[in-house]
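A.B. asks: Got a structure here, written out as C-alpha cells. Questions coming.
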Amino acid sequence: MTGTEKPRRSDQTKSAILTAARERFAGHGYERTTIRAVAADAGIDPSMVMRYFGSKEGLFEAALAIDLRLPDLTAVPPAELPRALVRHFLDRWEGDPTDDALLVLLRSAVTNDQAAARMRDIFARQVAPALVPALAAAGPETARRAGLVSAQLLGLALTRYLLRLPAVTALTADEIETAYAPAIAALLGEGQPAG
C-alpha cells in the first residue's frame, strides 16, 4: 500500500462506528447505548455494527481499546516521579479531545460490571507495572500503593471531567500538579503525609 491509496471502505465504516460508539457511550453510558443508536449516528444499518463487532459488548471493547501511554518511569528521578505522573494523566485527559475513551470507560464503570472490570484490567496491566520500579522499597505493599495512586488519579478525573466540580475545573494544570504531587509522593513512599 502506498501513501496515496485511499483507506478501504470497510476501514472507514469501522472508524465511523467506533467514533459514534465512543460518543454514545460517553453521553449515555453503557446501559442506555444501543446498537441501533450507534448505527444511526454512523449513518449505517445496524447489521453492519453486528458484522464488524458481533455484539454490544464487542463494540464496547473495541471502542475502549485504551493505551495510557505511560512513559518509562525508570528514567524519571524519584523526586520528580509524583509530578510526572500527575502531569502525564492531565496531558492524557486534556491533550487529545478526540481520544476520550478513558473518560467514557470511567463513566461507564460506575454502572456497568464489564466496564468496571475493563478499568481494573487497564490499571492492573498498565499502571501497576509502570510503578513497580518506584515502589520497589514497598515490598508486599506494592499493589496496595499502586491502587491508592490509581484512586487519587481516577478521583481527579471523576471530579474534574465527569462531575465537573467548579472548584476542581477552575484549577490550572500547574495548580493540580502542585496540589497532587505531595499526596502521590506519600503514596509512593517518597514522603509521609502531613499529619
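A.B. asks: So which pairs qualify, if the first residue must be in region 144-172 and open to solvent by 40 Å² or more (accessible area, probe 1.4 Å), the second must be in a loop (DSSP other than H, G, I, E, B), the Cβ gap must be under 7 Å, and the two must be at least 6 apart or on different chains?
C.D. replies: ARG145/LEU135; ARG145/GLY189
A.B. asks: Filter region 41-75 down to the residues that are modelled with pLDDT under 85, aliphatic (A, V, I, L, M) and open to solvent by 30 Å² or more (accessible area, probe 1.4 Å), then identify the one that is nearest to the chain's Cα centre (by Cα).
C.D. replies: The qualifying residue nearest to the chain's Cα centre (by Cα) is ALA65.
A.B. asks: With the condition kept exactly as written, say whether any residue in region 10-26 is of a type in the set (S, T, N, Q) and either closer than 18 Å to ARG118 by Cα or not in a helix (DSSP H, G or I) (or both).
C.D. replies: No - not one qualifying residue is present in region 10-26.
A.B. asks: Consider ARG144 carefully, then state whether it is in a helix (DSSP H, G or I) and under 26 Å from PHE60 (Cβ atoms).
C.D. replies: Spelling it out, it is not the case that ARG144 is in a helix (DSSP H, G or I) and under 26 Å from PHE60 (Cβ atoms).
A.B. asks: For region 85-113, give me the residue count where each residue is open to solvent by less than 30 Å² (accessible area, probe 1.4 Å), of a type outside the set (S, T, N, Q) and either closer than 14 Å to PRO133 by Cβ or in a loop (DSSP other than H, G, I, E, B) (or both).
C.D. replies: 1
A.B. asks: Okay, moving on. For the condition among the hydrophobic types (A, V, I, L, M, F, W, C), open to solvent by less than 50 Å² (accessible area, probe 1.4 Å) and either modelled with pLDDT of 85 or more or in a helix (DSSP H, G or I) (or both), what is the one hit in ALA138, ALA134, ALA124?
C.D. replies: After applying the criteria, what remains is ALA138.
A.B. asks: Quickly run through region 1-21 and pick out the residues that are at pLDDT 85 or above and either of a type in the set (Phe, Trp, Tyr) or open to solvent by 60 Å² or more (accessible area, probe 1.4 Å) (or both).
C.D. replies: Those that are at pLDDT 85 or above and either of a type in the set (Phe, Trp, Tyr) or open to solvent by 60 Å² or more (accessible area, probe 1.4 Å) (or both): ASP11, GLN12, LYS14, SER15, THR19.
A.B. asks: Would region 48-71 turn up any residue that is more than 17 Å from LEU18 (Cβ to Cβ) and part of a helix (DSSP H, G or I)?
C.D. replies: no
The values are calculated or read from the model by the stated rules, or taken from the named source; none is laboratory data. None of the values given here were measured: they were computed from a predicted structure. A quick note on method: Cβ atoms are made from the backbone with ideal geometry, for glycine too, and the neighbour counts reach across all protein chains shown. Calculation scope for accessible area: heavy atoms of the full protein, side chains included, ligands and nucleic acids excluded. Shrake-Rupley method; radii C 1.70, N 1.55, O 1.52, S 1.80 Å.
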